[in-house]
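Enquirer: Take this structure, written in structure tokens, and hold onto it; I'll ask about it next.
The values are calculated or read from the model by the stated rules, or taken from the named source; none is laboratory data. Since this is a predicted model, take the numbers as computed values, not measurements. Methodologically, a virtual Cβ is constructed for each residue, glycine included, from the backbone with ideal geometry; neighbour enumeration extends over all protein chains shown.
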Amino acid sequence: MTFFISLLNTFLSILLLAIFVRAILSWFPIARDNPLVVVVFQLTEPVLGPIRRVLPRMGALDLSPMVAMFLIILLRSILAQAIGR
């Protein structure tokens with residue numbers, strides 16, 4: 001069971017990093033067909049899409065990465081408590 005929780009924690013860490021990279025990439029004019037952008041979007045869109053549908057529109061400001069990062073950090077904290085760290 002601890003191995004599964006550690007594996008899930010690692011996945012959440014990678015997802016957290018990918019969401020952060022996606023937020024940073026949005027500041028730069030990088031083509032959407034760039035391989036790095038494609039991979040980051042494929043990793044993060046399943047998480048950010050549903051959050052974006054629930055959040056109210058804030059003009060051009062997309063708060064879904066911040067909400068997703070908060071939820072992932074919260075989930076990692078719960079997992080850490082579950083394994084006794």
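Enquirer: Looking only at the range 51-67, filter to residues that are within 15 Å of LEU15 (Cα to Cα) and not β-branched (Val, Ile, Thr); which one of those is nearest to the chain's Cα centre (by Cα)?
Expert: PRO65
Enquirer: Within the set of pairs 6 or more residues apart or between chains, which connect a residue that is without any contact (Cβ under 8 Å) to a residue 40 or more places away in the chain inside the range 11-34 to a residue that is surrounded by 11 or more Cβ atoms within 10 Å (Cβ to Cβ) and of a type in the set (Val, Ile, Thr) with Cβ atoms less than 8 Å apart?
Expert: Every condition considered, the pairs that remain are ALA18/VAL40; ALA18/THR44; VAL21/VAL40; LEU25/VAL37; LEU25/VAL40; ILE30/VAL37; ALA31/VAL37; ARG32/VAL38.
Enquirer: Still on this structure, I have one more. Residue check: is ARG57 in contact with a helix residue (DSSP H, G or I) (Cβ under 8 Å, 6 or more places away or on another chain) and modelled with pLDDT under 95?
Expert: no
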